[in-house]
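The values are calculated or read from the model by the stated rules, or taken from the named source; none is laboratory data. Being a predicted model, the structure only gives us computed values, none of them experimental. All Cβ positions, even for glycine, are placed from backbone atoms using ideal geometry, and neighbour counts span all protein chains on display. Side chains included, ligands, DNA and RNA excluded: accessible areas come from the protein's heavy atoms. Shrake-Rupley method; radii C 1.70, N 1.55, O 1.52, S 1.80 Å.
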Amino acid sequence: MTGSTERPAPRVEVHVDAADLATSVAGELIARLEDAQARGEEPQIGLTGGSIAEHVHRELGRMGPSSEVDWGRVVLWWGDERFVAADSPDRNVGQAMAAFDGRLAFDPAKVHAIASSDDAGSVDEAAAAYSALLRAEGAGFFEVLMLGVGPDGHVASLFPGSSQLDATDAIAVGVTDSPKPPPERVTLTYEAMDHCRAVWFLVSGEEKADAVARALAEGTDKHDIPAVGVSGEAETIWFLDRASASAL
Ligand SMILES: O=C1O[C@H](COP(=O)(O)O)[C@@H](O)[C@H](O)[C@H]1O
């Protein structure tokens, strides 16, 4: 399957609050990973940063150890990363690992963090290295890609009106002027995010309600609300809490 025009319409799941949303997403992700591994696959998933992602990761750390998932055969990638020092609390990878709290036995060789500013000289260098890694690992098909959504509709580090929205022939690109701090980041492009069985938007909080409503309205342009540019081949689900769904 290729063009997003052939893809199923997005589904919306509204949960009572962020805690309920996080527990449901973690449970659903565990089920998908169990199914993929039962089919003999080694699932690759795309993680996101952000506030609700942290809840989801904590729930995964809580629920994951008693599941059937072989965490050593799950491959982790990130949709975007902040280009800061490796030990900065702003790093999406660091936030995820802290939330997992060492409870999921990942194989470190399958945890593919985007380079920090300690490891690469520039965002472009980090983006090139990440693109090369994705290519070398033969990756590029995520079982599930999870994406937080900003109040401005941004996903990963694709911000409204930015040049990265029109990047073609690139897997990952650098950002030097993110309107949300920190300014320097690396993000997957639409092209890279186009190859997922499932895309899950994770959204919590009333400040996101307008972006959610615009993203789910007919005819919204990805340059205004970047989230509309991403969809899954088999499914796209908006996991919302009541507050973020309040303008639908
Ligand atoms: O900066 C980022 O923001 C978005 C959304 O974060 P949230 O705190 O508003 O949920 C996140 O998805 C992205 O990965 C991150 O780098």
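Over the stretch 83-186, what is the relative contact order in whole percent, taking alpha-carbon pairs under 8 Å and six or more residues apart?
RCO, the stretch 83-186: 28 percent.
How large is the accessible surface per residue of the chain, computed with a 1.4 Å probe and reported in Å² as a whole number? Provide the component values of the computation, followed by the final result.
On the way: 10310 Å² over 248 residues.
For the chain, the solvent-accessible area averages 42 Å² per residue.
Measure off 7 Å from each Cα along the Cα-to-Cβ vector at ALA86 and HIS223, then give the distance between these two points in nanometres to one decimal.
In this crude spin-label approximation the distance works out to 4.1 nm.
How long is the gain from GLU191 to THR176 if the chain were fully straight, where each residue apart is worth 0.36 nm and the alpha carbon distance is subtracted?
Numbers: separation 15, 0.36 × 15 = 5.40 nm, distance 1.99 nm.
So the extension gain works out to 3.4 nm.
Using the charge dipole of the chain (Lys, Arg: +1 at Cβ; Asp, Glu: -1 at Cβ; taken about the Cα centre), state which of HIS15, ALA98, CYS196 has its Cα farthest towards the positive end.
HIS15
Would you work out which of SER116, ALA127, VAL144 lies farthest towards the positive end of the dipole of the chain, given +1 charges on the beta-carbon of Lys and Arg and -1 on that of Asp and Glu, about the Cα centre?
Farthest along the dipole direction, towards plus: VAL144.
Can you sort SER88, SER66 by 1.4 Å-probe accessible area, starting with the largest? Intermediate values should be presented prior to the final figure.
Working: SER88 25, SER66 100 Å².
Heavy-atom accessible area, descending, gives SER66, SER88.
Take GLU68 and SER51, extend 7 Å from each Cα along the Cα→Cβ direction, and tell me the distance between the two endpoints in nm.
Inter-label distance under the simple model: 3.7 nm.
At a probe size of 1.4 Å, how large is the accessible area of ASP210, to the nearest 10 Å²?
100 Å²
Mean Kyte-Doolittle hydropathy of -0.5 or higher plus an axial Cα length of 20 Å or more: which whole DSSP H helices in the chain meet both?
Length and hydropathy pass: 18-38.
Counting only DSSP beta bridges with both residues in the stretch 15-241, what percent are antiparallel, rounded to the nearest 5? Intermediate values should be presented prior to the final figure.
Numbers: 8 of 28 bridges.
Just about 30 percent of them are antiparallel.
Rank ARG62, ARG11, ARG73 by mean-square fluctuation in a GNM of the chain with C-alpha springs under 10 angstrom and give only the top-ranked residue.
Evaluated over the chain, the most mobile residue of the options is ARG11.
With only Lys, Arg, Asp and Glu charged, each at its Cβ (+1 for the first two, -1 for the last two), find how big the charge dipole of the stretch 9-125 is about the Cα centre; round to the nearest 20 debye. Don't skip to the end; give the middle numbers.
Details: 10 positive and 22 negative charges, 50 e Å.
Charge dipole of the stretch 9-125: 240 debye, to the nearest 20.
On the protein heavy atoms, probe 1.4 angstrom, tell me the percent of accessible surface of the chain carried by carbon and sulfur.
Numbers: 5010 of 10310 Å².
Carbon and sulfur: 49 percent of the exposed surface of the chain.
When the Karplus curve 6.51 cos²θ - 1.76 cosθ + 1.60 is applied with θ = phi - 60°, which whole-Hz ³J(HN,Hα) does each residue of the stretch 184-198 get, with x for Gly and Pro?
Going residue by residue, I get 9, 8, 10, 9, 5, 8, 4, 4, 5, 7, 7, 10, 9, 5, 10 Hz, with x marking Gly and Pro.
Once you mark the GluC sites (Glu not before Pro) that are in a DSSP loop and have at most 12 other Cβ atoms within 10 Å, what is the longest gap between them in the chain? Let's see the in-between values first.
Working: sites that count: GLU68, GLU218.
Looking at the chain, 69-217 is the longest stretch - no exposed GluC sites (Glu not before Pro) with at most 12 other Cβ atoms within 10 Å.
Using Cα-Cα distances under 8 Å and only pairs 6 or more residues apart, what relative contact order does the chain have, in percent?
On the way: 535 pairs, mean separation 62.3, N = 248.
Result for the chain is 25 percent.
To the nearest 20 Debye, how big is the dipole of the stretch 15-241 about its Cα centre, given +1 on the beta carbon of each Lys and Arg and -1 on that of each Asp and Glu? Walk me through the numbers before you get to the answer.
Working: 16 positive and 39 negative charges, 62 e Å.
Roughly 300 debye, rounded to the nearest 20.
May I have the convex hull volume per residue, in Å³, for the Cα set of the stretch 15-241?
Spelled out: Cα convex hull of the stretch 15-241, divided by residues, is 113 Å³.
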